[in-house]
Amino acid sequence: MKKILLVEDDTRVCSFINKGLTENGFEVTIAMDGTLGLQLALTSQFDLIILDIMLPSINGLEVCKQIRLQKSEVPILFLTAMGSTENVVIGLDSGADDYLVKPFKFIELLARIKTLMRRGGKSDDSEDITSDIYRFADLVLNDTEKTVFRNDHEISLTSTEFRLLLMFMKNPRKVLSRVDMLHEVWGVNFDMGTNVVDVYVNYLRKKMDKYGDQKLIQTVIGMGYVLKEY
């Protein structure tokens, strides 16, 4: 049984989510404030964390940052009543893997949870580790160890940045649209009308360009982005 930590201070939302998840076979632990949520997240094992942003004692953004300092792999889904581009980017940049704007339908929450769990799941087959190593120009990405190096310099990426770069590395020289990236990286099947993809591409560029002379992620005007050499 998959274990989910729900950190939410609205009792009606807690009851709604807890009922739906329990009926779908999940074991749910509830924390009503940020302090308890952070304590549980750091001392117990969960397959996914659902985290409200506006919380008593410690807000969800800070809770997320603290979790990421010690547990980088657990998927984190933000619930937020603030759906502007700026708020979405701030939430994702704090280390969250996805977000859902309130009010929401349970079927959408469930779909997001299943997507995140598939994304974070470990494979049981004994494939050679080299199959998870991707190389392009002077860039090396190890999907098993979750590391990225350029010219022998390690590049520190958030989980979202890593997934975005992995998509580029799996599709070198192929133009990727913003909708492609929203679907693959954020699990969204439609254009959200935000510039979150452009923001994260710029994050990646800045970190990658620090250790290389070539700009590997290039803009294709009106179409998207492509990983290629000049």
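No lab work stands behind these numbers, since they all come straight from the coordinates. In this text, all values refer to a predicted model and were calculated from it rather than measured experimentally. FYI the Cβ positions are ideal-geometry reconstructions off the backbone, even for glycines, and counts take in every protein chain you see.
Of note:
- Cβ crowding within 10 Å averaged over residues, with 16-23, 111-118, 155-162, 208-215 ranked highest first: 155-162, 111-118, 16-23, 208-215
- When each of Lys65/Lys146; Lys146/Lys206; Lys114/Lys207; Lys170/Lys228; Lys65/Lys207 is checked by Cα-Cα distance, pairs over 21 Å: Lys114/Lys207
- Calculated FRET value between Val199 and Ser177, using beta carbons and R₀ = 22 Å, to 0.05: 0.85
- Proximal aspartates and glutamates to Lys215, defined as alpha-carbon separation beneath 16 angstrom and excluding residues fewer than eight positions away on the same chain: Asp138, Asp198, Glu229
- The smallest convex shape that holds all Cα atoms of the chain, its convex hull, gives 129 Å³ per residue.
- Net charge contributed by nearby residues that have their C-beta within less than 13 Å of Leu36 (K/R +1, D/E -1): -4
- The tail of the calculated P(r) for the range 1-44, taken as Cα-Cα distances beyond 13 Å, holds 51 percent of the pairs.
- At an R0 of 35 angstrom, the distance between the Cβ atoms of Glu27 and Thr147 translates into a FRET efficiency of 0.65.
- Label point distance in nm, Glu108-Ile133, each placed 7 Å from Cα along Cα→Cβ: 4.3
- Additional length obtainable on full extension of the chain from Met54 to Asp213, 0.36 nm per residue less Cα span: 53.0 nm
- Backbone amide hydrogens, once placed in the peptide plane, bring Ala31 within less than 5 Å of Leu6, Val7, Glu8, excluding anything fewer than 5 places away on its chain.
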